[in-house]
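Comments concern the structure below.
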Amino acid sequence: MFADMHGHDRGIRGGGGGRGRRMFDGGELRLVLLKLIADEPRHGYDLIRRIEELTGGAYAPSPGVIYPTIALLDEMGLIAARESDGARKRFAVTNDGMAHLTDHAGQVAALATRLAALAEHHERTDSEAARRAMRNLGEVVRGKLRREELSEERRYDIVALIDEVAQKIERLR
């Protein structure tokens, strides 16, 4: 869960496909995409990757959300397709799009803050590194304990080290 600026929990979807409320309400995704396109002409996949980067990997919108929103921004005249080298259409912001961003500058700034906070929260709570370290410790310990030449005293030393580390982690603040 992610707490927004008002302290309300906001469910996030994307990435792992978890269920919950959408990351963005109403026109928020339109504003995020419009701002990213104003920063640099982009195509849909670029937008998905950039949002994932901005959230530290915590959220990646699906193509099924991005492409219809791009089409809507195009229909609204806020972005326009540019010529592209490949098959993907790159979009650039129009003058009307820039005016729309200016009119909603406060909301755009709040959305940028929310994305950055989500990235920070994800970084603090992502325990993949800890899980990797625990797996590594388990493998090393199992490997050591399986050896027949390991004395009883060494086995107790290993157990004592693990207990010591556990106590130190428990005391961390």
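A few notes on this one:
- Residues in the range 69-84 that are under 15 Å from Leu29 (Cβ atoms), open to solvent by 40 Å² or more (accessible area, probe 1.4 Å) and of a type outside the set (D, E, K, R): Ala71, Leu72, Met76.
- Some residue of the range 161-168 being among the β-branched types (Val, Ile, Thr), surrounded by fewer than 10 Cβ atoms within 10 Å (Cβ to Cβ), in a helix (DSSP H, G or I) and out of contact with any strand residue (DSSP E or B) (no Cβ under 7 Å at 6 or more places or on another chain): no
- Residue check: Thr113 meets all listed conditions (1) hydroxyl-bearing (Ser, Thr, Tyr); (2) within 30 Å of Leu54 (Cα to Cα); (3) open to solvent by less than 70 Å² (accessible area, probe 1.4 Å) but one, namely (3).
- The set of residues from the range 74-90 being at pLDDT 95 or above and closer than 18 Å to Arg49 by Cβ comprises just one member, Ile79.
- Residues (hydrophobic (A, V, I, L, M, F, W, C) and more than 34 Å from the chain's Cα centre (by Cα)) located in the range 120-173: Leu145, Leu150, Ile158, Val159, Ala160, Leu161
- Yes/no for Ala87 being out of contact with any Lys or Arg (no Cβ under 9 Å at 6 or more places or on another chain), open to solvent by 60 Å² or more (accessible area, probe 1.4 Å) and not acidic (Asp, Glu): yes
- Number of the condition not met by Leu145 [criteria: (1) open to solvent by 80 Å² or more (accessible area, probe 1.4 Å); (2) under 30 Å from Ile162 (Cα atoms); (3) free of Cβ contacts under 8 Å to residues at least 40 places away in the same chain]: (1)
- Unmet criterion (only one of (1) closer than 19 Å to Pro41 by Cβ; (2) exposed (fewer than 14 other Cβ atoms within 10 Å of the Cβ); (3) β-branched (Val, Ile, Thr)) for Ile66: (2)
- Count of residues meeting criterion [in a helix (DSSP H, G or I), among the basic types (Lys, Arg) and either in contact with a Pro (Cβ under 8 Å, 6 or more places away or on another chain) or surrounded by 17 or more Cβ atoms within 10 Å (Cβ to Cβ) (or both)] in the range 36-57: 1
- Within the span defined as the range 65-85, one or more residues are assigned to a loop (DSSP other than H, G, I, E, B), of a type in the set (D, E, K, R), without any contact (Cβ under 8 Å) to a residue 60 or more places away in the chain and over 24 Å from Ala116 (Cβ atoms).
The values are calculated or read from the model by the stated rules, or taken from the named source; none is laboratory data. This one's a predicted model, so the numbers in the text were calculated from it and none came from an experiment. Don't worry about glycine lacking a Cβ; one is built from the backbone with ideal geometry, like all the others, and counts go over all protein chains shown. Remember, those area values only see protein heavy atoms, side chains included, never the ligands or the DNA or RNA. Shrake-Rupley method; radii C 1.70, N 1.55, O 1.52, S 1.80 Å.
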